[in-house]
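Please read the structure below before turning to the comments.
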Amino acid sequence: MVEVRLENVTKKFGRVVAVDNVSLIFPDGRFSALLAPSGAGKSTLLYLIAGIYKPTSGRIFFGDRDVTDLPPKERNVGLVFQNYALYPHMTVYDNIAFPLRLRKLPREKIDAKVHEVAKLLHIEELLDRYPGQLSGGQQQRVALARALVKEPEVLLLDEPLSNLDALLRLRIRAELKRLQRSLGITAIYVTHDQSEAMSMADMIVVLNRGRVQQVGSPDEVYNAP
Ligand code: ADP
Ligand code: ADP
């Protein structure tokens, strides 16, 4: 839907340089993975793209649009976190509807969109439940539904599967990849799990101490010296 481009992006927290002069293109409609061990700057890079953090220097573009100074809600991104971050006091329906209510969409339109995305993620029968009544895998589907219901241009995922058990992780991996491909959405996926990146991504970016160490297809990254 849109290419995400970083030009010489740096983010410092005091003396810590979390992201160090990174220039990168995440191609339009592709699934990219940011792969690195903990502390390499993956989450910071994702939050810079989301607009949660502002770069210390450098620019960020969505297509031709310079979004560097735009707040998150003006960037049209969907965010999914490791811990789901659902609203515990709201039903699944209300969780998914929440971003649309913020946009003051008419009630019938909200209803249609919530059902559409719930169907896509196979959670239609869960709409009346509360997050506390759901399994981890179900909660993560709801979080994904809430991210996708706004029809974002860019989907940002921060280790979304790491709280799930191994079997479920494999299943949702495949589903997520299929979903991304069918929607044609630009996805950026943060992980420290090499097999996860290899199995899902069209492009892998390996980070090391805030810098880009390697960029390429899974084959290129795997076979690099
Ligand atoms: P994870 O392994 O899930 O990425 P982190 O420890 O990297 O967990 O980060 C968890 C949260 O704490 C993030 O929002 C991150 O930005 C923030 N954070 C990480 N390191 C620090 C720090 N040194 N000081 C303050 N906040 C931090
Ligand atoms: P990763 O996601 O790869 O685990 P992070 O982006 O969370 O890495 O962190 C990169 C570096 O920046 C780490 O040294 C971390 O402690 C630091 N950091 C991240 N967020 C913050 C924050 N909000 N305040 C201070 N330091 C932070």
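The values are calculated or read from the model by the stated rules, or taken from the named source; none is laboratory data. Note that this is a predicted model, so its numbers are computed, not measured. Heads up, the Cβs are rebuilt from the backbone with ideal geometry, glycines too, and the neighbour counts pull from every protein chain shown. The area values use the complete protein model at the heavy-atom level, side chains included, leaving out ligands, DNA and RNA. Shrake-Rupley method; radii C 1.70, N 1.55, O 1.52, S 1.80 Å.
Translational D (Stokes-Einstein, µm²/s) of the stretch 136-225 at 25 °C and 0.890 mPa s when Rh comes from the Kirkwood sum over C-alpha pairs?
My calculation gives 174 µm²/s for D.
Nearest 20 debye, what's the magnitude of the dipole of the chain about its Cα centre given +1 on Lys and Arg Cβ and -1 on Asp and Glu Cβ?
The calculation lands at about 480 debye.
Using R₀ = 22 Å, calculate the FRET efficiency as 1/(1 + (r/R₀)^6) where r is the Cβ-Cβ separation of Leu70 and Ser23; round to 0.05.
That gives a FRET efficiency of 0.65.
Mind listing which trypsin sites (Lys or Arg not before Pro) in the stretch 1-75 are in a DSSP loop and have 13 or fewer other Cβ atoms within 10 Å?
Hits after loop and neighbour filter: Arg15.
Residue separation times 0.36 nm, minus the C-alpha to C-alpha distance between Asn208 and Ser135: what's the value?
Extra length from Asn208 to Ser135 when fully extended: 22.9 nm.
Quick check on the chain: helices-only [θ] at 222 nm, where DSSP H runs of length 4 and up contribute -39,500 (n - 2.57) each and the sum goes over total residues. Nearest 500, please.
-10500 deg cm²/dmol
I need the phi-derived Karplus couplings for the stretch 134-143: 6.51 cos²θ - 1.76 cosθ + 1.60, θ = phi - 60°, integer Hz, Gly and Pro marked x.
10, 6, x, x, 5, 4, 5, 5, 5, 4
Any idea what the relative contact order of the stretch 33-86 is, in percent, if you count C-alpha pairs under 8 Å spaced at least 6 apart?
In percent, rounded to a whole number, it is 25.
Any chance you could run the full-extension gain for Asn163 through Asp219? It's 0.36 nm times the residue separation minus the Cα-Cα distance, nm to one decimal.
Full extension of this stretch gives 17.4 nm more.
Which links in Lys109/Lys177; Lys73/Lys119; Lys11/Lys42 stretch past 20 Å when you go from one Cα to the other?
Violating the 20 Å limit, Cα to Cα: Lys109/Lys177; Lys73/Lys119.
Whenever you get a sec, compute what percent of the accessible area on the chain sits on carbon and sulfur atoms (1.4 Å probe).
That fraction is 50 percent.
What list of ³J(HN,Hα) values in whole Hz, one per residue of the stretch 203-210 in order, does the Karplus curve 6.51 cos²θ - 1.76 cosθ + 1.60 (θ = phi - 60°) give from phi, with Gly and Pro shown as x?
With coefficients 6.51, -1.76 and 1.60, one gets 9, 10, 10, 9, 9, 9, 6, x Hz.
Pop a pseudo-label 7 angstrom from the Cα along the beta-carbon direction at both Arg181 and Asn83 and give the gap in nm to one decimal.
A separation of 3.4 nm, rounded to one decimal place.
Per residue, how much accessible area does the chain show when a 1.4 Å probe rolls over the protein heavy atoms, in square angstrom?
Computed with neighbouring chains in place, this is 50 Å² per residue.
Using alpha-carbon pairs under 8 Å, 6+ residues apart, how would you state the relative contact order of the chain in percent?
In percent, rounded to a whole number, it is 31.
Need one number: the % of Cα-Cα pairs in the chain sitting beyond the 22 Å mark.
More than 22 Å apart: 51 percent of the Cα pairs in the chain.
Between the stretch 176-218 and the stretch 108-130, what's the alpha-carbon centroid distance in Å?
A separation of 28 Å, based on Cα centres.
Between Glu125 and Leu105, what is the label-point separation in nm under the 7 Å Cα-to-beta-carbon projection?
If labels sit at Leu105 and Glu125, their model points lie 2.5 nm apart.
Obtain the nm distance between the two label points defined at Asn8 and Phe98 by a simple spin-label model: each point lies 7 Å from its Cα along the Cα-to-C-beta direction.
3.9
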